[in-house]
Amino acid sequence: MESVCSTAGEPKLRHVEKDILIPKIMKDKAKELCSEQVKDFTKCCKDTGFLMVVKCQKENKLLKDCLTGHYSDPAFYEECKAEYLKTREEHRAAQDVPHQKHSTST
């Protein structure tokens, strides 16, 4: 089994964790942090229908800028990585707990 700690004391992350799982946490948290822009863009899209591509450019740009600002922030990445590692550790600890066997006497 692969070691969970790297030589620098940092937890070792698999490819799927670095490239998929942590970015998913970042996306979800960024949507929460940009909720006002998400709400404005969604409202604009609902109000304009098929013309949203043209009519909602301002709202789209504001939303995109907000999300991109979070995605490109190294501190935000580290925060989401720490959250992921905590969840991963809790999950692994829960798997190590021995399960009680139920007796099935008849």
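The values are calculated or read from the model by the stated rules, or taken from the named source; none is laboratory data. Since the structure is predicted, the reported quantities are computational estimates derived from the model, not experimental observations. So basically every Cβ, Gly included, is an ideal-geometry build from the backbone, and we count neighbours across all protein chains shown. Accessible surface areas use protein heavy atoms only, side chains included; no ligands, DNA or RNA. Shrake-Rupley method; radii C 1.70, N 1.55, O 1.52, S 1.80 Å.
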Item to check | Hits in the stretch 32-60 (condition: open to solvent by 100 Å² or more (accessible area, probe 1.4 Å), within 28 Å of residue 81 (Cβ to Cβ) and of a type in the set (Phe, Trp, Tyr)) | outcome: none
Next on the checklist: Residues that are of a type in the set (Phe, Trp, Tyr), at least 1 per element: which helices (runs of 4 or more DSSP H) completely within the stretch 35-79 meet that?
Outcome noted: 35-48, 57-71
Item to check | Failed criterion for residue 22 (all others in (1) loosely packed, with under 15 Cβ neighbours inside 10 Å; (2) touching a residue at least 24 places away in the same chain (Cβ under 8 Å) hold) | outcome: (1)
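Rundown of residues vs (1) outside any helix (DSSP H, G or I); (2) open to solvent by less than 100 Å² (accessible area, probe 1.4 Å); (3) β-branched (Val, Ile, Thr); (4) at pLDDT below 95, yes/no style:
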residue: 13; (1), (2), (3), (4): yes, yes, no, yes
residue: 30; (1), (2), (3), (4): no, yes, no, no
residue: 94; (1), (2), (3), (4): no, yes, no, yes
residue: 103; (1), (2), (3), (4): yes, no, no, yes
